[in-house]
Amino acid sequence: MTFATDENTTQSLETFKSFDVDTQLAILWFGYLDLKDKLNPGNSASAQDSAEAFYDRIKSMPQDQQLQAQRDIASGTDSDISRSYSALSSSGRLDVWLRLAQGMDEGLIIQVPSDYQLPSQTDEFVNQIKQLDFEQRINFMRSLVVEMGAKS
């Protein structure tokens, strides 16, 4: 299921998928930082409960495993954590990434190194995303996270 409804968003999704998994995770982090003051999660209680339980599972891991779990989910690796993620609803998946970003912000989840710089080949992509309005950015993020996880 995809929520991308226009050509710009669809093109952005394809470009995002062309980056390596660590670059994808960094882009998600920087995207969160750019939008966090405007985000107002309003998922159903069941989606929030599922996302919270999944987040707590990752939070309880050592940092190297937290990172590997995120890599597995983003790359669609067939692992236990990635299959569990795939079982979440689309709202639950979006909520998980929001919680992960908030956990990074709070120092509970492994963070992107403070001196990390996105590769120069992402410059055009980042500018393209910044051209999207808020709703398009949310649709872009939702489409991204829904497509992540192990494929059945």
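So the values come out like this:
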{"read-out": "Of the criteria (1) more than 15 Å from SER12 (Cβ to Cβ); (2) at pLDDT below 90; (3) not small (Gly, Ala, Ser), which one ILE129 fails", "value": "(1)"}
{"read-out": "Of residues in region 106-152 being in a helix (DSSP H, G or I), among the polar types (S, T, N, Q) and surrounded by 10 or more Cβ atoms within 10 Å (Cβ to Cβ), the one farthest from the chain's Cα centre (by Cα)", "value": "GLN121"}
{"read-out": "Qualifying positions in region 80-93 - assigned to a helix (DSSP H, G or I) and either of a type in the set (Phe, Trp, Tyr) or open to solvent by 40 Å² or more (accessible area, probe 1.4 Å) (or both)", "value": "ASP80, ARG83, TYR85"}
{"read-out": "Count of region 45-60 residues which are of a type in the set (A, V, I, L, M, F, W, C) and surrounded by fewer than 16 Cβ atoms within 10 Å (Cβ to Cβ)", "value": "2"}
{"read-out": "Every residue from region 65-79 that is within 12 Å of ILE109 (Cβ to Cβ) and either open to solvent by 60 Å² or more (accessible area, probe 1.4 Å) or in a loop (DSSP other than H, G, I, E, B) (or both)", "value": "GLN65"}
{"read-out": "Which numbered condition ASN43 misses (of (1) under 16 Å from ARG142 (Cα atoms); (2) more than 13 Å from the chain's Cα centre (by Cα); (3) modelled with pLDDT of 85 or more)", "value": "(3)"}
{"read-out": "Any hit, region 69-83, residues being closer than 14 Å to ILE27 by Cβ, modelled with pLDDT of 90 or more and charged (D, E, K, R)", "value": "yes"}
{"read-out": "Exclusive hit being basic (Lys, Arg), under 23 Å from ASP34 (Cβ atoms) and assigned to a helix (DSSP H, G or I), set ARG57, ARG99", "value": "ARG99"}
{"read-out": "Test: GLN48 is under 19 Å from GLU106 (Cβ atoms), at pLDDT below 90 and not aliphatic (A, V, I, L, M)", "value": "yes"}
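The values are calculated or read from the model by the stated rules, or taken from the named source; none is laboratory data. Everything numeric in this text was worked out from a predicted model, so none of it was measured. All Cβ positions, even for glycine, are placed from backbone atoms using ideal geometry, and neighbour counts span all protein chains on display. Heavy atoms of the whole protein, side chains included, go into the accessibility calculation; ligands, DNA and RNA do not. Shrake-Rupley method; radii C 1.70, N 1.55, O 1.52, S 1.80 Å.
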